[in-house]
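**Q** Before we start, here is the structure in question, set down as structure tokens.
The values are calculated or read from the model by the stated rules, or taken from the named source; none is laboratory data. Keep in mind that this is a model prediction, so the values were computed, not measured. Cβ: placed from backbone, ideal geometry, glycine included. Neighbour counts: every protein chain shown. Just so you know, the surface numbers come from the protein's heavy atoms only, side chains and all, with ligands and any DNA or RNA stripped out. Shrake-Rupley method; radii C 1.70, N 1.55, O 1.52, S 1.80 Å.
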Amino acid sequence: MMELINDLWFKRRDIVSDGYDESLDYISKTIPLKIHEIPSGTKCWTWIVPEKWSAGEAYIEDLKGNKVLDLKDCPLHIISYSLPVDKIVTRAELMKHLHTNPQRPGAIPFEFNYYERDWGFCIQHNRLKEFTKDRYRVFIDSKFEKGSLKVSDYTIKGETDETVVLVAHLCHPAMVNDGLTGVTVLVDIAKEMSLKTHHYTYKFLLVPETIGSVAYLSQNEDIIPKLKYGIFLEMLGNNNIHALQLTRQGSTRLDRIARYVMKRELTNFREGPFRKVIGNDEMAFNGPGVNVPMISISRYPYPEYHTSDDNPGIVSEENLNESKALILEILNILDNDYIPKRKFKGPVFLSGYDLWIDWRINKKLNENIEQIMLKLEGDKSVFDIAKELNMEFNDVQNYVNKFFNKGLITKV
Amino acid sequence: MMELINDLWFKRRDIVSDGYDESLDYISKTIPLKIHEIPSGTKCWTWIVPEKWSAGEAYIEDLKGNKVLDLKDCPLHIISYSLPVDKIVTRAELMKHLHTNPQRPGAIPFEFNYYERDWGFCIQHNRLKEFTKDRYRVFIDSKFEKGSLKVSDYTIKGETDETVVLVAHLCHPAMVNDGLTGVTVLVDIAKEMSLKTHHYTYKFLLVPETIGSVAYLSQNEDIIPKLKYGIFLEMLGNNNIHALQLTRQGSTRLDRIARYVMKRELTNFREGPFRKVIGNDEMAFNGPGVNVPMISISRYPYPEYHTSDDNPGIVSEENLNESKALILEILNILDNDYIPKRKFKGPVFLSGYDLWIDWRINKKLNENIEQIMLKLEGDKSVFDIAKELNMEFNDVQNYVNKFFNKGLITKV
Amino acid sequence: MMELINDLWFKRRDIVSDGYDESLDYISKTIPLKIHEIPSGTKCWTWIVPEKWSAGEAYIEDLKGNKVLDLKDCPLHIISYSLPVDKIVTRAELMKHLHTNPQRPGAIPFEFNYYERDWGFCIQHNRLKEFTKDRYRVFIDSKFEKGSLKVSDYTIKGETDETVVLVAHLCHPAMVNDGLTGVTVLVDIAKEMSLKTHHYTYKFLLVPETIGSVAYLSQNEDIIPKLKYGIFLEMLGNNNIHALQLTRQGSTRLDRIARYVMKRELTNFREGPFRKVIGNDEMAFNGPGVNVPMISISRYPYPEYHTSDDNPGIVSEENLNESKALILEILNILDNDYIPKRKFKGPVFLSGYDLWIDWRINKKLNENIEQIMLKLEGDKSVFDIAKELNMEFNDVQNYVNKFFNKGLITKV
């Protein structure tokens, strides 16, 4: 998964930009993305799609022409969606437009200003002391023009139209953990899931943050009723425990399955309610009037967040693989779960139906035979039973499948 | 408010009596009371309106004609609704009819016996030792006759017929904190509220305790469905913290608003369930078959209760004003609260609608913008939102009103 | 009650057997049992009624003809439903068929194998060391033949067809506390209840464990909807505190009444959820597709369980009587409880209806008059009120009956 990261991370992936479009093209070679284009100026519910933005040369120089800062060195050196500028400014005025992060003085901060526009540069806090002259020339050759915001999706059809959506955002120039790690895990999961058939239909979405999801949903309202669950993925490569952010509903089957898998598979993780761990596109999918229950899985927080230190050096294939396995297991249970409903009456004659489990073969199952038998009333799923009895989903699934094969239950 | 108290407190305000009627007339000069007369003998649900009672001379004297006790000195010297008597009794028999309060030996107790009648005197416990003679003459010139129980109400019409009722009791001769303080605060609130328009209709009721409320409700059953909330007021002048008694339902909007206001406005207060703080007419309004949620606000308990020490000296204008402000704030929230319901979809484009609040202007509001936006589903009122977010009602109201003014919400 | 125990305990009461049938005949002389016969081979839901089983001679002897173990000495010496056998076996093979209880080495264990059949003997663990020979002759003259499983019931008709069922099991040869104590308490309760009229119809069932209940219910499905509550009785004679096992539903009126009675009548008892205290026929009555709420009352556990030490010496008439009184009180409340519903409005004029209770007569009742009056809305039974107010059921019943007699309430 690091290959995708290494190839794309340094691109100028602003929300409507050539760098973003190039990144989409790159991924299209791996999975067959369908690309939705929404033109600048389109009203998307309460939002409006911004113009495409690009930046040519940009620098700060002293009046002798010595460059003090040059965009060529790093895409972060100007704020995303900066206005163009070309003038001589006093040091005092320059300082108002020079963004730094005093908490991380050796790194260039990532700044953006999509809607209340201004011009601006970003620089290491440590470097401020270099600005000793009285006046500087500031130059940004940026351009705003009609363009198209691009949202892409890849759909794997299942037995049903009911859809599980996975979302990651592809924007944020030169950021790695914030965005690209979610993208690469999502792409890998999509590839793996395309090899099998599933109960649910799966949609894998790559979007520019927030406006991308709002634009996609508002232009495709007919899809919304089919979306049953969602997972937002990002910040999965750094060295921190996983953080599960619950859906707005807070206790859907997806919330419970995700918590169950994390409890069983991980030594440690943390969990928080909707919008209390980390904010992202779940606010669009799971927000007012949309209400698709969407969890978010990340390894937030991490100290390099939104600085030039969020680079390939802080993420690892091992972490990405752990996250990927976790999400696949959540999807496995979600997809295979069903509600068994009893056809029999009275306690089942276990030995007569070969349903007796010797404790020497599976002690936990042996102890819970009767409890499982009592929970087949059609009001609990196989997962619910496993969770209530603190058992492995697979063990319960296999045992309940036996009841199905003997004609003792139906699937609701 | 002390003026009303000073003018009325010493009157013989028994439940059906001239003193009670005079007090009503006095208050009618301040607010335009409508007076309902219910004749003695009228069946009121399971109750019957008692006769009018009056007392002329009453005294105890020794056989030489020396008066040992004289009603002229204090209205409390005979029990309310005492039977007439005129006979020579032994000291032993007298003692059976002489009521004292040993816990407060310097004060005359307030005693009454409306339904199981007897004759009786009340006296300071300290004075019992003065009764050294063998025999005494007891004389009470009391009279029972057909009369009318009087319940008065003052109504301020609102935008809707849905009514909030405030109740205080005007009976209890020579008592001040117990009854009259509730009356004077109620009258002042009525005067203040008459100056503005309101959502709810407000009814201000002055009644003789219990029988007054039962009589009023039973003779005006058509009003009951309109009564949405009620507040009973009494004992508001003494030096003690406020006591909030919840409604029988226990968690109505009124209960929650009253608790919220007390928590925010008072250093300290206590709270208890229905009928566990102090018993009054909420048992009629909020009782079986009526069910109007009625809280009670008082400063109960106080040591002078039901004795001649409950006089103007133990109450203060300052305490009355604090209680009045508290109740007005409860009514303010109750009246101005509404349920906002979202018309928008997705997260609102805040900067596009000028709904962004800078943290330097209102930090608490800034932190809660998103939470407020998520709570506009039509299942919570503005007050609910303020309470859940631990915010000022006015702040939330003003912010949600902005959504209304931008056409982003409706009022349910 | 010890008489029945002494007369029946040593009988060979296997599930379909002559000893079982003789025991039923014996009890039929005390209460008029109706006997349902279900033939061997009958399909009962998922179960099949087994054959009748009987055992003639059975022994182990050495090759010189010395008997080492003889069924004549104790019915427990062979496993119930043992296959017949007659052969010479090595000591090693014998040991595989010789059952002991190492935890209770001086006692013969009770073993059975109704469905996965084998031959086998049971013996004191201490005696294993006597088997020093290389080979032994094993002989069991057992017989399997068509028979009838017998379930018996005794019905006391009440005012309604709604039925409370009490169940005990009569099987288990030579066991006393496990089975017979429940039987004798059940018979005594039946005799006592037959003397009075009741609201509910009562059914007293004696069955072979599990298969008896399954057979009865599956052959009488029309009865099931009438069964409102059930109590399973067993292990009531030993010296241990009572154990209340709740119904599957967990909080039915019966659960709450049983807990209330045990809390009030016993110094100590324990309580557990369905199937977590002791497993018995409640799994048939309260199991899948039947759902009759059935509690179980026992004094489980006890160390002599399922061994030859479970004999008349470990049970006492005193314990049986205590359990009987407890169950009768549970049934008394269940039968006499009703839901009162207010006809009056407002607080009741207590002194006018002679409903005032002086605190000197009944302090607890005096303090709760108002609370009782507030709970007559038709959503609580007399028992609910007593429980909520922590009062004696009889006190509340008598007081609420007064309201009924005055025409102030109806019975829902």
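**Q** Hey, what angle do you get for helix C:18-28 against the long axis of chain C, alpha-carbon based, 0 to 90 degrees rounded to 10?
**A** Long axis of C:18-28 versus the principal axis of chain C: about 30 degrees.
**Q** For n ≥ 4 DSSP H runs only, could you compute -39500 (n - 2.57) per run for chain B, divide by its residues and tell me the 222 nm figure to the nearest 500?
**A** The per-residue figure over chain B is -8500 deg cm²/dmol.
**Q** Taking R0 as 25 Å, what FRET efficiency do you get between B:Ile88 and B:Glu145 from their Cβ-Cβ distance, rounded to the nearest 0.05?
**A** The formula returns an efficiency of 0.35 here.
**Q** Over all residues in B:366-375, what is the mean tally of Cβ atoms on other chains that come within 10 Å of each residue's Cβ?
**A** What the average comes to for B:366-375 is 2.
**Q** I'd like to know which of A:Cys44, A:Leu334, A:Val183 lies farthest towards the positive end of the charge dipole of chain A, counting +1 on Cβ of Lys and Arg and -1 on Cβ of Asp and Glu.
**A** A:Leu334
**Q** With the crude spin-label approximation of a point 7 Å out along Cα→Cβ, what separation in nm comes out for B:Lys191 versus C:Lys364?
**A** Rounded to a tenth, the inter-label distance reads 5.3 nm.
**Q** Further, regarding this structure: Evaluate peptide A:342-354: per residue, the Cβ atoms of other protein chains within 10 Å of its Cβ; return the mean as an integer.
**A** If you average over the peptide's residues, the count of other-chain Cβ atoms is 6.
**Q** Looking at chain C, what % of its DSSP beta bridges pair antiparallel, to the nearest 5?
**A** Taking every DSSP beta bridge within chain C, about 65 percent pair in antiparallel fashion.
**Q** Nearest 5 is fine: what % of DSSP beta bridges in region A:180-336 come out antiparallel, could you say?
**A** Close to 25 percent.
**Q** Here is a follow-up. Can you count the Lys pairs in region B:286-403 whose Cα atoms are under 16 Å apart, with each pair 8 or more apart or on different chains?
**A** Step by step, the pairs that qualify in region B:286-403 add up to 10.
**Q** Continuing with the same structure: Counting only heavy atoms of the protein chains, get the accessible area per residue of the protein assembly as shown (1.4 Å probe) and round it to a whole Å² value.
**A** Per-residue value: 40 Å².
**Q** Find, among the residues of chain C, the one whose Cβ sits nearest the axis of the rotation taking C to B; state the distance in whole Å.
**A** Spelled out, residue of C and its Cβ distance from the axis onto B: C:Ser251, 13.
**Q** How large is the accessible surface of A:His172 in square angstrom, using a 1.4 angstrom probe and rounding to the nearest 10?
**A** Spelled out: A:His172, probe radius 1.4 Å, area about 10 Å².
**Q** Can I ask one more? Compute the Kirkwood hydrodynamic radius of the protein assembly as shown, taking the inverse of the mean of 1/r over all pairs of distinct Cα atoms, and give it in Å to one decimal.
**A** Computed over Cα pairs of the protein assembly as shown, the Kirkwood hydrodynamic radius comes out at 38.9 Å.
**Q** Looking at chain C, identify the longest residue range that excludes and avoids all trypsin sites (Lys or Arg not before Pro) in DSSP loops having at most 11 other Cβ atoms within 10 Å.
**A** Counting only loop sites that pass the neighbour cut-off, the longest clear stretch is C:277-359.
**Q** Every other copy gets compared here: list the nm distances from the A:Pro273 label point (7 Å along Cα to Cβ) to its counterparts, shortest first, one decimal.
**A** Once sorted, the set of distances for A:Pro273 reads 2.6, 2.6 nm.
**Q** Using the 7 Å Cα-to-Cβ label point, sort the distances from C:Gln371 to its equivalents in the other copies shortest first and give them in nm to one decimal.
**A** 3.7, 3.7
**Q** Based on the Cβ-Cβ distance from A:His199 to B:Arg253, what FRET efficiency comes out when R0 is 35 Å, to the nearest 0.05?
**A** Result of the calculation: an efficiency of 0.20.
**Q** Could you sort the residues of region A:25-57 by number and keep only those whose accessible area is reduced by 30 Å² or more in the all-protein-chain setting relative to the chain alone, 1.4 Å probe?
**A** A:Trp45, A:Thr46, A:Trp47
**Q** Same structure again: Where does helix A:363-374 land angle-wise versus the long Cα axis of chain A, in degrees 0 to 90, nearest 10?
**A** 80 degrees
**Q** Still on this model: Taking +1 at the Cβ of each Lys and Arg and -1 at the Cβ of each Asp and Glu, which of A:Tyr302, A:Ile88, A:Gly313 sits farthest along the dipole of chain A towards its positive end, judged by Cα position relative to the Cα centre?
**A** A:Tyr302
**Q** Rg to Rh for chain A: what is it, with Cα atoms only and Rh by Kirkwood?
**A** Radius of gyration over Kirkwood radius for chain A works out to 1.09.
**Q** Counting other Cβ atoms within 10 Å, which GluC sites (Glu not before Pro) in region B:74-153 have at most 11 and lie in a DSSP loop?
**A** Sparse-neighbourhood loop GluC sites (Glu not before Pro): B:Glu116.
**Q** So, one more: If I model a spin label as a point 7 Å beyond the Cα along the Cα-Cβ vector, how far apart are those points for B:Ile223 and C:Asn66 in nm?
**A** 10.5 nm
**Q** Hey, got the average number of other protein chain Cβ atoms within 10 angstrom for residues in B:288-296?
**A** Partner-chain Cβ atoms within 10 Å, mean over residues of B:288-296: 3.
**Q** For chain A, what % of the accessible area comes from carbon and sulfur atoms, probe 1.4 Å?
**A** Its accessible area is 46 percent carbon and sulfur atoms.
**Q** Shifting gears a bit: Tell me: how much accessible area in total is hidden between A and C, 1.4 Å probe, Å², nearest 100?
**A** 1500 Å²
**Q** Further, regarding this structure: In terms of Cα to Cα distance under 15 Å, which aspartates and glutamates are near enough to A:Lys146, apart from those fewer than 8 places away along the same chain?
**A** Cα-Cα hits under 15 Å: A:Asp14, A:Asp18, A:Asp21, A:Glu37, A:Glu51.
**Q** Measure nothing fancy, just the Cα-based angle from helix C:180-193's long axis to the longest principal axis of chain C, in degrees from 0 to 90, nearest 10.
**A** That works out to roughly 30 degrees.
**Q** A follow-up question, please. I need the inter-copy label distances for A:Arg256: point set 7 Å along Cα to C-beta, values in nm with one decimal, smallest first.
**A** 2.6, 2.6
**Q** Still on this structure: What is the spin-label model distance, in nm, from B:Lys96 to C:Met95 if the labels are put 7 Å beyond Cα along the C-beta direction?
**A** With each label point 7 Å from Cα toward Cβ, the separation is 9.5 nm.
**Q** With charges set only on the Cβ (+1 for Lys and Arg, -1 for Asp and Glu), what does the dipole of the protein assembly as shown come to about its Cα centre, in debye to the nearest 20?
**A** Once rounded to the nearest 20, the dipole reads 400 debye.
**Q** Then there is this: Which one, B:Ile372, B:Ile156, B:Ile38, has the greatest fluctuation when you compute a Gaussian network model over chain B with C-alpha springs under 10 angstrom?
**A** Taking springs between Cα atoms under 10 Å, the residue moving most is B:Ile372.
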